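Novice: Sharing a structure with you now.
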Amino acid sequence: MALPGLKQQLQHLIESMVNEGILVEQQFAQVQELKTSDNPNFVSQILNDFCDGAETSITNLNKFLGEEQVEFDKLDTSIHLLKGSSSSIGAYQMRLATVDLVKAVDEKDKERSLEALKKVTHEYLRIQYKLQTIIQLENKMYDIESKPLLHDGNCAAGPSYTKDI
Amino acid sequence: MAELSPEVPVHVLVVDDCLVDRKIVDKLLKASAFKVTTVESGKKALEVLGMEEEKLDKPSVKDHDVNIILTDYCMPEMNGHDLLVALKEDSRMKSIPVVIMSSEFNPQRISRCLTDGAQEFLQKPLKVKDLEKLRSYVKPAVPVPKVGTKRKALVDLMPESNEAERRPCPAGVAVA
């Protein structure tokens, strides 16, 4: 697919996520605006980091909450990482779910904490699928934009003719 | 307070255990022409500032290079407030402004940080306008008149500038 088509597809995807209420447009736009020519992969990198971090945190939380005697203090780091990163990329519903988890853990309520963690996991999976699509689109756009120009008079050959994006 | 000449970018030391937040804040700051160093913990921040006892001989960042410290509050082992207190208790570091950031709005936490010396408490996620405030906390240096090298050397040696006290003298370099 050509570049304009990919950009349109990306735009539609983001709009649908905003309309669904799972993405904060302004916050995600700030992340997109940080993409520069010297770091054209920034958006896909950040989203990959977000997904990796979220999965690690959710795994840790499941492990700690699965113990018979839950040490609630151990949950703080993972919860704050989830809350912070979801807020930074604009993952709205996931952030809200994390706020509920914070309250349950503060009250040292194991049952509520487990329920809240299920909700966090659900919201993560809901957004993760769409974020992966964004990553794929970003990578395809990068592949097209970083290809050497072939249509100018000088035959493009080798890295010296690679277009800077 | 750290001083800055008009041409030199403000150097921010960013402390945050969240990789996503570190990268985003790093980019935001650089997009606004700040110089940025990022670390993942309060302990690491003390190391790069040369405050950790075991690593005093070779800090990664000289204390006078960092103009302002921007730290997350919620971090394991040493949180943002712990780091703030450690910095304010150090005679070399206490003049460097410290700004705390957090995704949580906790009035008691905010009040405690401001009372204990934080310049400001910013709510995450940060916006460009938040970062522009950082510049206002760094005092610009008084311009040194360019009237010849002799006079400039005298200004450098003047005790009231505090530069001689604050800047560690590299080994083997004699001060004229």
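The values are calculated or read from the model by the stated rules, or taken from the named source; none is laboratory data. Everything quoted here is computed from the prediction, not taken from an experiment. Cβ coordinates were reconstructed from backbone atoms using ideal geometry, including for glycine residues, and neighbour counts include every protein chain displayed.
Novice: So A:Met141 fits all but one of (1) within 14 Å of chain B (Cβ to nearest Cβ); (2) over 17 Å from A:Val24 (Cα atoms); (3) crowded, with 17+ Cβ neighbours inside 10 Å; what number is the exception?
Specialist: Against the list (1) within 14 Å of chain B (Cβ to nearest Cβ); (2) over 17 Å from A:Val24 (Cα atoms); (3) crowded, with 17+ Cβ neighbours inside 10 Å, A:Met141 comes up short only on (1).
Novice: Here is a further query. Return yes or no: is A:Ala29 in a helix (DSSP H, G or I), more than 19 Å from A:Glu107 (Cα to Cα) and touching a Phe, Trp or Tyr at 6+ places or on another chain (Cβ under 7 Å)?
Specialist: Taking the combined requirement at face value, the residue does not satisfy it.
Novice: Residues A:Phe72, A:Phe42, A:Phe50: which one is surrounded by fewer than 19 Cβ atoms within 10 Å (Cβ to Cβ) and aromatic (Phe, Trp, Tyr)?
Specialist: A:Phe72
Novice: Collect the residues in region B:123-144 that are modelled with pLDDT of 60 or more and more than 13 Å from every other protein chain (Cβ to nearest Cβ), keeping them in residue-number order.
Specialist: B:Glu132, B:Lys133, B:Leu134, B:Arg135, B:Ser136, B:Tyr137, B:Val138, B:Lys139, B:Pro140
Novice: Has region A:56-63 got any residue that is within 14 Å of another protein chain (Cβ to nearest Cβ), of a type in the set (A, V, I, L, M, F, W, C) and either under 19 Å from B:Asp17 (Cβ atoms) or without any contact (Cβ under 8 Å) to a residue 12 or more places away in the chain (or both)?
Specialist: no
Novice: Restricting to region A:25-45, name every residue that is β-branched (Val, Ile, Thr) and either in contact with a Pro (Cβ under 9 Å, 6 or more places away or on another chain) or under 15 Å from A:Leu10 (Cβ atoms) (or both).
Specialist: Matches in region A:25-45: A:Val31, A:Val43.
Novice: Mind checking which residues of region B:82-118 are among the polar types (S, T, N, Q) and in contact (Cβ under 8 Å) with a residue 24 or more places away in the chain?
Specialist: B:Ser95, B:Ser102, B:Ser103
Novice: Might you let me know whether region A:4-16 holds any residue that is free of Cβ contacts under 8 Å to residues at least 40 places away in the same chain, in a helix (DSSP H, G or I), within 18 Å of A:His122 (Cβ to Cβ) and more than 14 Å from chain B (Cβ to nearest Cβ)?
Specialist: Checked region A:4-16: no residue is free of Cβ contacts under 8 Å to residues at least 40 places away in the same chain, in a helix (DSSP H, G or I), within 18 Å of A:His122 (Cβ to Cβ) and more than 14 Å from chain B (Cβ to nearest Cβ).
Novice: Filter region A:100-125 down to the residues that are hydrophobic (A, V, I, L, M, F, W, C) and either over 16 Å from A:Leu81 (Cα atoms) or within 23 Å of the chain's Cα centre (by Cα) (or both) and list them by number.
Specialist: A:Leu101, A:Val102, A:Ala104, A:Leu114, A:Ala116, A:Leu117, A:Val120, A:Leu125
Novice: Could you look through region A:28-47, keep only residues that are under 16 Å from A:Met94 (Cβ atoms) and under 9 Å from the mean Cα position of the chain (by Cα), and pick out the one that is nearest to the other protein chains (Cβ to nearest Cβ)?
Specialist: A:Ile46
Novice: Okay, moving on. Scanning region B:58-105 for residues that are crowded, with 18+ Cβ neighbours inside 10 Å, touching a helix residue (DSSP H, G or I) at 6+ places or on another chain (Cβ under 6 Å) and of a type in the set (S, T, N, Q), which turns out modelled with the highest pLDDT?
Specialist: Out of the qualifying residues, it is B:Thr71.
Novice: Right, another one. Within region A:77-91, can one find any residue that is assigned to a loop (DSSP other than H, G, I, E, B), over 22 Å from A:Leu117 (Cβ atoms) and facing chain B (nearest Cβ under 10 Å)?
Specialist: No, there is no match, as no residue in region A:77-91 is assigned to a loop (DSSP other than H, G, I, E, B), over 22 Å from A:Leu117 (Cβ atoms) and facing chain B (nearest Cβ under 10 Å).
Novice: Anything in region B:7-45 that is of a type in the set (Asp, Glu) and within 14 Å of another protein chain (Cβ to nearest Cβ)? List them, or say none.
Specialist: B:Asp16, B:Asp17, B:Asp21, B:Asp26, B:Glu40
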